[in-house]
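Inspection log for the structure reproduced underneath, given as structure tokens.
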């Protein structure tokens, strides 16, 4: 498949010896807009970290399309809000892929920073110190930075936390605009209504993919029930996962595949 | 006029050793103060202090082997400092332990080694110079060394500025767009060691961190941006050096502590009167705007 922006090959990610993402197979099409949903601890953020490369796979691999530029908005940003920086300094970091460490910021760059701030409704906030921003304003500032990164693959990890309804609407519009620009977008979301209304495709995770594809299909009650039943806690003495078990992923995860045969367009597992 | 001349100019105009001391300490401020600003912003102020202690065994080893010579002591201090900085940095970056704990572990080990070395040779007056510095006896060798260190520091800061700011402000973001995160961290630790070693000729191993941290800590109370903060820290460093040297000349005090104490005075004044200081926050905010 040539139009795969991301390919997961038997991807297992985790901490210590415990998997948080267990044998994930499948592709994310270029230009697709996917919501990643699942309970707490189902591996959503872990998957994001694995895609960015912050977390190395325990097994398998994430293959990115050649030369794809990635923008990542983490759930728990390591942003130091007490650092003496202004909004414009923070957003300008988004110019890194374009200007690198040494490239001088041009007049156009400064204009694009202003434009990005306008786009998230923070026009005129350039000179504000970042420690005076509210939680939602900071989130929008980080969106502006993503906007500036001009990335082909955009990963947003719970971007709507602590954001008011109007702002969520604005940010959704922004995401849809990116979608229209053929960018590949994956968003971790908790609000299922939001997903149903705005995201064409959904990946439902419970450590293993429960369902993946067309949103309506994926979020069917029986899938949600299956996802809810997943056991969140680690078992210290859980049996070791032997290679032979997942070589034949088709038997192992047969439930995953049933849905994908139902419809044609979604990404398929394995 | 004559009185003022005698007070401020004559000590430097009349004595070559005062000129050298002034020149050396001003150069030191130029490099150490911006480094101190970043050290403070990264919440590693005490790491600087730990690093200063860590340098001691290296300098002591150089002293034991070659006597009171600048070069061996500097090289020794540099090696000890870099081992501790890299070791502590690596432990904190690649294991679950945070930098404060790993730094404390490494510097305590280093300090113990240093004390052990000193006790082998027995105490010596010269060793006091290592601990407390001899800013009034900076020779050409030492001045050249400090000059080199300042040049390297300023060049590194200019080159890595953006990465350094990004690493302080949002390290996870930097990791997602570039591989510079870890290298920049270690380059920065290297600069800290370099400047502490440069400072210990003049101020001693224990006080050299003072010229790094105090002006930076004081500058924090005056501005909300990094660039002016660095510039202001350098200016405060300059002022402290001049005031400290004059104080030590007129009152026959040891010059190292006099310089650091001058910086301390600026620090306390900044706490009180700075635009982000205590008084301003308490007094001025009775009025507010409509939006």
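Numbers below:
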quantity	calculated
For the range B:142-291, convex hull volume per residue from C-alpha positions, Å³	139
Zero-based 5 Å bins, Cα pair distances in chain B, whole percents	1, 6, 12, 16, 17, 16, 13, 9, 6, 3, 2, 1, 0, 0, 0
For the range A:123-183 and the range A:59-106, distance of Cα centres in Å	13
Separation of the residue B:96 and residue B:144 label points, Cα + 7 Å toward Cβ, nm	5.2
Separation in nanometres of the label points that stand 7 Å from Cα toward Cβ, at residue B:288 and residue A:126	2.8
Computed [θ] at 222 nm, helices only, for the protein assembly as shown once each DSSP H run of length n ≥ 4 contributes -39500 (n - 2.57)	-19000 deg cm²/dmol
Computed Kirkwood radius, in angstrom, where 1/r is averaged over Cα pairs of the range B:30-122	13.7
Percent of alpha-carbon pairs separated by more than 21 Å within the range A:96-168	30
Per-pair calculated FRET efficiency, R0 = 60 Å: residue A:196 and residue B:69 via Cβ, rounded to 0.05	0.20
Over the range A:52-106: Kirkwood hydrodynamic radius from C-alpha pairwise inverse distances, Å	14.3
Burial order of peptide ranges B:110-116, A:35-41 (average beta-carbon count within 10 Å, highest first)	A:35-41, B:110-116
Distance (nanometres) between label positions extended 7 Å along Cα→Cβ at residue A:15 and residue A:240	2.3
Most fluctuating residue given options A:88, A:195, A:54, as computed from a GNM of chain A linking Cα atoms under 10 Å	A:54
Value of Rg to Rh for chain A (Rh from inverse mean 1/r over Cα pairs, i.e. Kirkwood)	0.99
Inverse of mean 1/r across different Cα pairs in the range B:1-67, Kirkwood, Å	15.1
Column: log10 I(q)/I(0), Debye, Cα scatterers of the protein assembly as shown, q = 0.07, 0.09 Å⁻¹	-0.54, -0.80
Rule-of-thumb Rg ratio for the range A:19-64 [Cα; 2.2 N^0.38 Å; N residues]	1.15
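Each value in this text was obtained by applying a stated rule to the coordinates, not by laboratory testing. This is a predicted model, so every value here is computed, not measured. Neighbour counts run over all protein chains shown; Cβ positions are idealised from the backbone, glycine included.
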